[in-house]
1. Per 5 Å bin, what is the whole-percent P(r) computed from every C-alpha pair distance within the chain?
2. Among Val12, Tyr94, Ser71, whose Cα sits farthest toward the positive end of the charge dipole of the chain (+1 at Cβ of Lys/Arg, -1 at Cβ of Asp/Glu, about the Cα centre)?
3. With every protein chain left in place, what is the accessible area per residue of the chain in square angstrom, probe 1.4 Å?
4. For Arg72, list long-range residues whose amide hydrogen, built 1.01 Å from N in the peptide plane, is under 5 Å from its own amide hydrogen.
5. Taking θ = phi - 60°, what integer Hz values does the Karplus form 6.51 cos²θ - 1.76 cosθ + 1.60 yield along segment 40-49, in sequence order, with x for Gly and Pro?
6. With the full set of protein chains in place, find how many percent of the accessible area of the chain is carbon and sulfur; take the probe as 1.4 Å.
7. As an exercise, identify the trypsin sites (Lys or Arg not before Pro) in segment 42-75 lying in DSSP coil whose Cβ has no more than 12 other Cβ atoms within 10 Å.
8. Among all the aspartates and glutamates, which ones have a C-alpha under 18 Å from Lys65's C-alpha, if same-chain residues fewer than 8 places away are not counted?
Amino acid sequence: QVQLVESGGGLVQAGASLRLSCAASGGTFSSYAMGWFRQAPGKEREFVGAISRSGLRTTYADSVKGRFTISRDNAKNTVYLQMNGLKPEDTAAYYCAARDSTIMITVPRAWGYWGQGTQVTVSS
């Protein structure tokens, strides 16, 4: 069973960049597709993006496409979310998730493992 720990959140101004990290332990990292989700207060958790087990395929929500990039280092058991051009509407708690499958699904309930989240706040 994999455990996930996110880091890298913070308070930034609009237009800034942040890189979130998610360190995995307790499982075979390369056997999991990895995803990033976010949840703003009073809203449902939403899909941000995902990366395949090998790292060769990625998919993103339209709201972040072209600004956010997901990558992974299977040797370090870590997945990253590079966020550029941050906007106030990106403010949320960001969660990484793992799925023991080759298929990257955007629905949160399809992901079996979750981190505790890291807060990103973007001021205008």
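The values are calculated or read from the model by the stated rules, or taken from the named source; none is laboratory data. Just so we're clear, the structure is a prediction, and the values are computed from it rather than from any experiment. All Cβ positions, glycine included, derive from the backbone under ideal geometry; neighbour counts span all protein chains shown. Surface accessibility is based on the protein's heavy atoms, side chains included, excluding ligands, DNA and RNA. Shrake-Rupley method; radii C 1.70, N 1.55, O 1.52, S 1.80 Å.
1. Spelled out bin by bin, the chain gives 2, 13, 24, 27, 20, 10, 4, 1, 0 percent.
2. Farthest along the dipole direction, towards plus: Ser71.
3. Averaged over the residues of the chain, the accessible area is 49 Å².
4. Tyr80
5. 8, x, x, 10, 6, 5, 10, 6, 9, x
6. 47 percent
7. Lys43, Arg57, Lys65
8. Of all the aspartates and glutamates, those that pass the test against Lys65 - Cα under 18 Å, at least 8 places apart if same chain - are Glu46, Glu89, Asp90.
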